[in-house]
Amino acid sequence: MIKLLGAVLILFAGTMIGFQQAARFAERPRQLRQLAHALQRLETEIGYGHTPLPEALERTALSSPEPLAGLFRKAATGIWETEGLTFRESWERAVKSQWPETSLRMNEQAVLIRLGSTLGISDKEDQMKHIRLTLVQLKAEEDAARDDQGRYEKMWKSLGILIAVLIVILMV
């Protein structure tokens, strides 16, 4: 009876681990889409709303889901509250502190840090151009993330179950 209960628990745990890994592959394209929408909102705030950058970041955070909203909120807070920090430094700190909470990869982080080094130091047209360039780069990353999702999501689900079955067989 105890072996049966142990086998069921191992099957359940292996299945859940596989499904959790698969969910990370499904989450990445969704977060990239949300990030693109947030950057489009930021572009609108800067270009058409003539909103100052810290306020535009706060408005973007209000319309974005977590954990991406935290990134924009921390960047805005870094500008308002810390004296002596440039926007680039505040943005980089926000990106790096929020990054572990996302399902995004280092490629996307590099793209966002590059964007932060150009925002706030030029006129609105130049800032809008850099945001559009970032959107194009994120679109390419989203396409790659969808390919990864299609390739690895089903694999991780099956792998979790199969490894759990293997462990149960070895136990018996």
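The values are calculated or read from the model by the stated rules, or taken from the named source; none is laboratory data. If you're wondering where the values come from, they're calculated on a predicted model, not measured in any experiment. Here Cβ is always computed from backbone atoms with ideal geometry, including for glycine, and neighbour counts include all displayed protein chains.
Some notes on this structure:
- On inspection, LEU9 fails the criterion of being modelled with pLDDT under 90, among the aliphatic types (A, V, I, L, M), surrounded by fewer than 16 Cβ atoms within 10 Å (Cβ to Cβ) and closer than 18 Å to ILE163 by Cα.
- Cross-chain or 6+ apart pairs with Cβ under 6 Å, the stretch 107-129 first and of a type in the set (Lys, Arg), then part of a helix (DSSP H, G or I) and modelled with pLDDT under 90: LYS124/ILE46; LYS124/GLY47
- Filter result (surrounded by 21 or more Cβ atoms within 10 Å (Cβ to Cβ) and in a helix (DSSP H, G or I)) within the stretch 56-89: ALA56, LEU57, THR60, ALA61, LEU68, LEU71, PHE72, ALA75, ALA76, GLY78, ILE79
- Within the stretch 122-138, being exposed (fewer than 13 other Cβ atoms within 10 Å of the Cβ) and either within 28 Å of GLN21 (Cα to Cα) or of a type in the set (A, V, I, L, M, F, W, C) (or both) holds for one residue alone: VAL136.
- Count of residues meeting criterion [β-branched (Val, Ile, Thr) and in a helix (DSSP H, G or I)] in the stretch 36-55: 2
- Residue match in the stretch 97-107 (condition: farther than 18 Å from ARG28 by Cβ and at pLDDT 85 or above): yes
- Subset of the stretch 40-55 [β-branched (Val, Ile, Thr) and either surrounded by fewer than 19 Cβ atoms within 10 Å (Cβ to Cβ) or at pLDDT 90 or above (or both)]: THR44, THR51
- MET171 meets all of the listed conditions (1) aliphatic (A, V, I, L, M); (2) within 14 Å of GLU27 (Cα to Cα); (3) touching a residue at least 60 places away in the same chain (Cβ under 8 Å) but one, namely (2).
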